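For reference, the structure is listed below as structure tokens.
The values are calculated or read from the model by the stated rules, or taken from the named source; none is laboratory data. Owing to the predicted nature of the structure, the values given are computational and were not obtained by experimental measurement. Here Cβ is always computed from backbone atoms with ideal geometry, including for glycine, and neighbour counts include all displayed protein chains.
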Amino acid sequence: MDASALDIPALNLRFEGASPETILGWAWRTFGPEIAATSSFQTQSVPLLHMIARVAPEMPVFFLDTGFHFPETLAFRDRLRERFGLNVAALAPEDGHEAFRRRHGDLYRRDPDLCCFINKVEPLERAMKGMRAWISGIRRDQTLHRAETPLVSLGPEGRVKVCPLAGWSRRDVWRYLHEHRLPEHPLLKKGYLSIGCAPCTQPVADGAGERDGRWSGRQKTECGLHLTERRSVKTTSGGERDGV
Ligand code: SF4
């Protein structure tokens with residue numbers, strides 16, 4: 001189906017309160033095989049990965065391999081891939097990790113938006129060429145920025161974004177994990193509530209917000225994948241790229 005033919009408001013009304021599996025199944029039947037999911041392979045990613053394994057195991061699951069992940073995250077990704085039989089593909093920056101480090105060093109300190117753009121936004125855009133839909137596991141209760149996340153939306157590039165867990169709370173995630181006896185990321189018990197790249201992730205105290213340990217001490221709360229507004233990013237080579 002042509003994405004422009006979808007009645008997005010009607011779909012959001014229809015799916016509000018529906019189970020994530022129902023929404024995921026609709027997305028796969030409507031767009032498969034031109035649909036992919038993204039996952040950061042942390043504890044709160046596990047329910048959606050478990051559902052993908054049951055509803056659409058052949059769906060590609062893209063992992064943004066920035067070269068800055070904790071080794072525990074890479075091991076957890078491999079463990080989940082094997083256990084669930086997922087079709088995982090790692091996406092790296094265009095010139096590879098070594099070239100990035102040589103050219104940009106600790107760019108995450110100086111310009112984290114540009115670092116996220118080169119390591120996450122651009123690789124995903126490349127991988128999504130030709131895809132009609134994108135599945136993401138973000139939830140409205142994670143941050144203020146995500147509070148209005150629709151279940152189904154149409155991106156500026158004409159691609160449909162589906163967030164089957166948008167209406168879930170952190171409690172729903174835990175209920176699902178316990179019901180299905182699913183594993184936790186090994187760093188969770190050390191206080192890492194949300195886990196991204198190692199240089200930009202801190203453990204948090206009890207009672208902190210789920211994403212408070214991400215880019216701690218900065219205004220930044222998003223890597224750019226889930227920002228709807230787009231702007232130009234100045235590159236270190238002096239040029240400009242359409243980006244976060
Ligand atoms: S999270 Fe940090 S290290 Fe990872 S891509 Fe973004 S700025 Fe770079």
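Looking only at residues of the stretch 97-156 that are under 14 Å from LEU64 (Cβ atoms) and of a type in the set (Gly, Ala, Ser), we find that the one that is farthest from the chain's Cα centre (by Cα) is ALA127.
Set side by side, the residues PRO150, PRO156, PRO186 differ, and just one is at pLDDT below 95 and either more than 16 Å from the ligand (Cβ to nearest atom) or at positive phi (or both), which is PRO156. Every test in (1) within 16 Å of the ligand (Cβ to nearest atom); (2) more than 18 Å from the chain's Cα centre (by Cα) is passed by ALA92 save one, and that test is (2).
One residue stands out among those in the stretch 205-229 that are more than 16 Å from the chain's Cα centre (by Cα) and more than 16 Å from the ligand (Cβ to nearest atom): the one that is farthest from THR43 (Cα to Cα), which is GLU229. Restricting the stretch 102-141 to residues that are of a type in the set (Gly, Ala, Ser) and crowded, with 19+ Cβ neighbours inside 10 Å leaves a set whose member that is farthest from the ligand (Cβ to nearest atom) is ALA133. Would you confirm whether or not the stretch 53-64 contains a residue that is without any contact (Cβ under 8 Å) to a residue 40 or more places away in the chain and within 15 Å of the ligand (Cβ to nearest atom)? Yes; the residues of the stretch 53-64 include at least one that is without any contact (Cβ under 8 Å) to a residue 40 or more places away in the chain and within 15 Å of the ligand (Cβ to nearest atom).
Of the helices (runs of 4 or more DSSP H) lying entirely inside the stretch 1-63, the ones with 2 or more residues being under 29 Å from LEU188 (Cβ atoms) are found at 20-31, 46-55. Given the structure, is GLU82 acidic (Asp, Glu) and under 27 Å from GLU148 (Cβ atoms)? Answer is no for this residue.
Among the criteria (1) away from the ligand (no atom under 15 Å from the Cβ); (2) touching a Ser or Thr at 6+ places or on another chain (Cβ under 8 Å), the one HIS50 does not fulfil is (2). Only strands (runs of 3 or more DSSP E) whose full extent lies in the stretch 70-180 are considered here, and the ones with at least 1 residues that are of a type outside the set (Phe, Trp, Tyr) and without any contact (Cβ under 8 Å) to a residue 60 or more places away in the chain are 87-91, 160-162. Using the structure shown, decide if THR73 is β-branched (Val, Ile, Thr), on the phi < 0 side of the Ramachandran plot and in contact with a Ser or Thr (Cβ under 7 Å, 6 or more places away or on another chain). No: the conditions fail for THR73. Here is a list of conditions, (1) among the hydroxyl-bearing types (Ser, Thr, Tyr); (2) surrounded by 17 or more Cβ atoms within 10 Å (Cβ to Cβ); (3) more than 16 Å from the ligand (Cβ to nearest atom), and SER169 meets all of them except one; can you say which number that is? With respect to (1) among the hydroxyl-bearing types (Ser, Thr, Tyr); (2) surrounded by 17 or more Cβ atoms within 10 Å (Cβ to Cβ); (3) more than 16 Å from the ligand (Cβ to nearest atom), SER169 is out only on (2).
In the stretch 204-227 there is no residue that is in contact with a Pro (Cβ under 9 Å, 6 or more places away or on another chain), surrounded by 14 or more Cβ atoms within 10 Å (Cβ to Cβ) and not in a loop (DSSP other than H, G, I, E, B). Return yes when LYS161 is surrounded by fewer than 13 Cβ atoms within 10 Å (Cβ to Cβ), at pLDDT 90 or above and either more than 16 Å from the ligand (Cβ to nearest atom) or within 18 Å of the chain's Cα centre (by Cα) (or both) and no when it is not. Against the criterion (surrounded by fewer than 13 Cβ atoms within 10 Å (Cβ to Cβ), at pLDDT 90 or above and either more than 16 Å from the ligand (Cβ to nearest atom) or within 18 Å of the chain's Cα centre (by Cα) (or both)), LYS161 does not qualify.
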